[in-house]
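Here's the structure, in structure tokens; my notes come after.
Read-outs throughout are calculated quantities, based only on the coordinates presented, and are distinct from any laboratory measurement. Please read all numbers here as calculations on a predicted model, not as lab measurements. Cβ atoms come from the backbone with ideal geometry, glycine included; neighbour counts cover every protein chain shown.
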Amino acid sequence: MGALQSDKRFTYADYLTWDENIRCELIDGIPYMMIAPSRMHQGISVALTSQLYNFLRGKPCKVYEAPFDVRLNADKGDDTVVQPDILVVCDNAKLDDKGCIGAPDLIVEILSPSSYKHDLVLKFHKYLEAGVREYWIVNPDSKTVNVYILDNGNYMAFAYLESDSVPSHVLEGCTVHLDEVFAQ
């Protein structure tokens, strides 16, 4: 995942004119190309999404998978559009036909070799700044999940192993079983 070299800064309006077959994110006006995820990445995504979907069935919160645009700063510069692997939105007013406007309640990123720095540093800070209440980073190689809970403007970190069950702090009563997620 790499930034395109350009002196120009772009906005969501520019982003909408780009070829929809090219996956990219826009962070602080800079486009970042995205490559297709691996089979293991997709398997983990489906397993996680399935557990979240089953828990949320009949509830007001909804789960979505990439590609799904999230405009983190639509009320300011509107120059940041990310596509988290998985997200949960509990406020339907944040949803439109194109995606989510503002911070989702929960975001899950599944690491891949091309996205480590992007997800662990750049997006981590953007999610914190935007007020994402719960951020999960899934590492397929180590079969671990790091969960970050927003508390007074900072993230508190929790670490889980593949044999653990992960409670969501945002989705009361929701627990994700990692042995099922990593059973690939």
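Miscellaneous remarks
- Test: residue 155 is aromatic (Phe, Trp, Tyr), under 27 Å from residue 81 (Cβ atoms), more than 13 Å from the chain's Cα centre (by Cα) and outside any loop (DSSP other than H, G, I, E, B): yes
- All positions within segment 139-175 that are closer than 25 Å to residue 101 by Cβ and among the hydrophobic types (A, V, I, L, M, F, W, C): 147, 149, 150, 170, 171, 174
- At least 2 residues being among the aliphatic types (A, V, I, L, M), without any contact (Cβ under 8 Å) to a residue 60 or more places away in the chain and closer than 21 Å to residue 170 by Cβ is the threshold, and among the strands (runs of 3 or more DSSP E) wholly inside segment 38-141 those reaching it are 86-89.
- Screening residue 148 on (1) within 20 Å of residue 40 (Cα to Cα); (2) touching a helix residue (DSSP H, G or I) at 6+ places or on another chain (Cβ under 9 Å); (3) in contact (Cβ under 8 Å) with a residue 24 or more places away in the chain; (4) buried (at least 17 other Cβ atoms within 10 Å of the Cβ) shows it passes everything except condition (1).
- Search result, residues across segment 8-37 that are in contact (Cβ under 8 Å) with a residue 24 or more places away in the chain, hydrophobic (A, V, I, L, M, F, W, C) and under 21 Å from residue 110 (Cα atoms): 26, 27, 33, 34, 35
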